[in-house]
1. Step by step: first the residues of the range 223-248, then only those that are part of a loop (DSSP other than H, G, I, E, B) and free of Cβ contacts under 8 Å to residues at least 40 places away in the same chain, then the one that is nearest to GLY165 (Cα to Cα). Which residue is that?
2. If a residue has to be among the hydrophobic types (A, V, I, L, M, F, W, C) and modelled with pLDDT of 95 or more to count, how many in the range 383-409 make the cut?
3. Go through (1) over 15 Å from the mean Cα position of the chain (by Cα); (2) farther than 24 Å from GLN231 by Cβ and name the single condition GLU278 misses.
4. Would you point out which residue out of ARG86, ARG98, ARG72 is open to solvent by 90 Å² or more (accessible area, probe 1.4 Å) and in contact (Cβ under 8 Å) with a residue 12 or more places away in the chain?
5. Can you pull out the residues in the range 124-137 that are over 16 Å from PRO157 (Cα atoms) and in contact with an Asp or Glu (Cβ under 9 Å, 6 or more places away or on another chain)?
6. Name the one entry in SER358, SER329 that is more than 24 Å from VAL240 (Cα to Cα) and small (Gly, Ala, Ser).
7. Take the range 335-365 and flag every residue that is open to solvent by 10 Å² or more (accessible area, probe 1.4 Å) and within 21 Å of CYS153 (Cα to Cα).
8. Can you pull out every residue in the range 206-215 that is touching a residue at least 24 places away in the same chain (Cβ under 8 Å) and surrounded by fewer than 22 Cβ atoms within 10 Å (Cβ to Cβ)?
Amino acid sequence: MCDQTFLVNVFGSCDKCFKQRALRPVFKKSQQLSYCSTCAEIMATEALHENETLASLKSEAESLKGKLEEERAKLHDVELHQVAERVEALGQFVMKTRRTLKGHGNKVLCMDWCKDKRRIVSSSQDGKVIVWDSFTTNKEHAVTMPCTWVMACAYAPSGCAIACGGLDNKCSVYPLTFDKNENMAAKKKSVAMHTNYLSACSFTNSDMQILTASGDGTCALWDVESGQLLQSFHGHGADVLCLDLAPSETGNTFVSGGCDKKAMVWDMRSGQCVQAFETHESDINSVRYYPSGDAFASGSDDATCRLYDLRADREVAIYSKESIIFGASSVDFSLSGRLLFAGYNDYTINVWDVLKGSRVSILFGHENRVSTLRVSPDGTAFCSGSWDHTLRVREMVFSFPVCERREEG
């Protein structure tokens, strides 16, 4: 998303020519080096065989990509909505705002639920990270970060810690205690360090490891206790804006999306990209796994959300309407996987029927773009954050007919 993209040039001595220039990270045999653009291009051509050029290799790569698309097309014999024609229409439900969380002094950029289904952590452009009790709307903890634009935050699986970061290029972990007056900043632990802003973070299935995504074009896996880099993931050609961990308890994959319009699935053990999808026409702002882990959805600045089936290795559905012209900033599935919630830059939240591809509801209430949303762990509610400085907790009530309705602000 353009409004959250920042370019940071690092100047210093090139590790190859030793001249003072703008540097870029280069990995050579798993060792990170800082090369200027000229030396990086020279290094790329050193491994070329006779009569090979970068242009010829690019042409060969495009040819191979074309052949892969042809093979995928042969398996594309039916659309998802055609398979879903025999599926019954959705039951009766409506979503009402139950709580409005006010306390941030600027745009809310990210939020996450605690596993206890009650507490929420949110981060904002005001430089603050707040832990909320969503039942009472009370603030339980507040941390002031050393920079504005705190673009990422996450709750640890145990509920005993939070992680956050942004323009400081770091991911910091704060332990939580029952003492609300305790100075949390004194217990801060800097776990991850990127060469550009931190755009997303997520704990793995324990408090001991954390995944991060950054504007430097990489994702990384870190050990929380030691701060050691366990694995790095290189393949995106621009800023990485989002990531999501596979839902399985033994899952060793995650998906990421970025400004290069690509969604990439990674093996956390090898650091290799195992699948890549490039059908969006603009930045991918959000990715979220389907509850079973066999598919994932993405939301993009091209005003569409898309569903990718990992077993079929292709896109299987597009969620869009001609009347929707603003980008999708955040997506998440209902607990059953039948509904897809998508927050948009036009201040609305659209609810899509995943199987039939139709929009079943529009939720209003926010007074600026919806920047983040997450369904609660038990699936009974979801929370959305907005540039209007607030978060709204909505409850899903299954008692009224599905309709497109305007919710009272």
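The values are calculated or read from the model by the stated rules, or taken from the named source; none is laboratory data. Small disclaimer: the values here were computed from a predicted structure and weren't measured. Because the Cβ atoms are built from the backbone with ideal geometry, glycine has one as well, and the counts that use them run over all protein chains shown. Ligands, DNA and RNA are excluded from the accessible area calculation, which covers all protein heavy atoms including side chains. Shrake-Rupley method; radii C 1.70, N 1.55, O 1.52, S 1.80 Å.
1. Initial filter on the range 223-248 (part of a loop (DSSP other than H, G, I, E, B)): 224-228, 235-239, 246-248.
Now narrow it down to the ones that are free of Cβ contacts under 8 Å to residues at least 40 places away in the same chain: 225-228, 236-238.
Working: GLU225: 17, SER226: 18, GLY227: 15, GLN228: 17, HIS236: 20, GLY237: 22, ALA238: 19 Å.
Out of the qualifying residues, it is GLY227.
2. So the answer is 4.
3. All conditions are met except number (2).
4. Exactly one residue qualifies, and that residue is ARG98.
5. If we filter the range 124-137 for residues that are over 16 Å from PRO157 (Cα atoms), which is where we start, we get 124-130, 132-137.
Residues satisfying the conditions are ILE130, TRP132, ASP133.
6. Every option except SER358 fails the conditions.
7. Passing the criteria: only ASN345.
8. Selection gives SER206, ASP207.
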